[in-house]
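To keep things clear, I will list the structure first and then write my remarks on it.
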Amino acid sequence: MSLSYESRYASSPQAVKQYDTAQLRSEFLIDNLMKKGEITLTYSHYDRYIAGSVVPVSPLKLETIDPLKAEYFLERRELGIINVGSKGSVEVDGTTYELGHKDALYIGSGNKEVIFKSDNPENLALFYLNSAPAHTQHPTKKVSLAEANKLQLGTMETANHRTVNQMIIGGIVTTCQLQMGMTELKTGSVWNTMPAHVHDRRMEVYFYLDIPENQAVCHFMGEPQETRHIWMNNHQAVISPPWSIHSGSGTSNYTFIWGMAGENLDYGDMDVCKITDLR
């Protein structure tokens, strides 16, 4: 079967305090992504968010899954896609959108057929997906990396000099609740999202990429006063509950895609945690 999925239930911060390494990874790490010739999805009960991937050798159609209880995948959902591989395309109800490396596509609810293709079966597209429930339909729109709203944050002195590429976000794309973008760390910088923050109105998923071979990222999560960590490799994702910080430090610079959904679309709605208050 070319499509597989798994479900993850929500965990309270009180429960997570008791998790060992294996259980922490089992609950929050998504490590089944970018399988050749397959669609893999993880359905989280945090805001009913879905994260997944599509790696088409031949065309792959996005079908509905049982937890949605829907006739088709986007019957009551919206979808964000970022291609982190070679050139490919996404056909949405007969209209084809070409996606180069690190280009994004937003697809509104109500679209019945979504088909993924690689331009070259020897050099595959790698589509990373995020999906959230949607209450109305908005137009499908492509956003190239060049068209992203770019924020320059951090400094080399604090090892967190980075470019935040806001792609599927208000002012660029109209969505119901989904937001996505990509943060690229400069050479010599390793910290992301530091100072850390939480946003109790939204959950988030991080997908790490561009991690060099034999390097890794240590992702920090948990309540600010009770943090935990998960070591992550290239093309792995991690679920961040609304009550959790989401930050990381790598053994090299890297890139990560952030996606979130929840109560509002205010990107700046966050509660910042002082670095010296983290425990």
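Worth a mention:
- Hey, SER89 at negative phi, outside any loop (DSSP other than H, G, I, E, B) and of a type in the set (Gly, Ala, Ser) or not: yes
- Flag if ARG228 is under 28 Å from HIS135 (Cβ atoms) and not hydrophobic (A, V, I, L, M, F, W, C): no
- Residues (open to solvent by less than 10 Å² (accessible area, probe 1.4 Å) and assigned to a loop (DSSP other than H, G, I, E, B)) located in the stretch 246-273: HIS246, TYR254
- Test for LEU124: is it touching a Lys or Arg at 6+ places or on another chain (Cβ under 6 Å), of a type in the set (A, V, I, L, M) and modelled with pLDDT of 95 or more: no
- Total residues in the stretch 235-279, condition of a type in the set (Ser, Thr, Tyr) and under 23 Å from GLY85 (Cβ atoms): 3
- A Cβ distance below 6 Å, combined with a sequence gap of six or more or placement on separate chains, defines the contacts here; from the stretch 220-240, residues that are without any contact (Cβ under 8 Å) to a residue 60 or more places away in the chain and under 11 Å from LEU24 (Cα atoms) reach residues that are in a strand (DSSP E or B) and aromatic (Phe, Trp, Tyr) in the pairs HIS229/PHE220.
- Check on THR21, open to solvent by 20 Å² or more (accessible area, probe 1.4 Å) and modelled with pLDDT of 95 or more: yes
- Selected residue (criterion: surrounded by the most Cβ atoms within 10 Å (Cβ to Cβ)) from residues of the stretch 29-80 that are among the acidic types (Asp, Glu) and in contact with a Phe, Trp or Tyr (Cβ under 9 Å, 6 or more places away or on another chain): GLU78
- Leading residue by the ranking (least open to solvent (accessible area, probe 1.4 Å)) among those in the stretch 7-18 that are in a loop (DSSP other than H, G, I, E, B) and touching a residue at least 60 places away in the same chain (Cβ under 8 Å): SER11
The values are calculated or read from the model by the stated rules, or taken from the named source; none is laboratory data. Not measured: the values here are computed from a predicted model. Heads up, the Cβs are rebuilt from the backbone with ideal geometry, glycines too, and the neighbour counts pull from every protein chain shown. We work out accessible area using only protein heavy atoms, side chains counted, and drop any ligands, DNA or RNA first. Shrake-Rupley method; radii C 1.70, N 1.55, O 1.52, S 1.80 Å.
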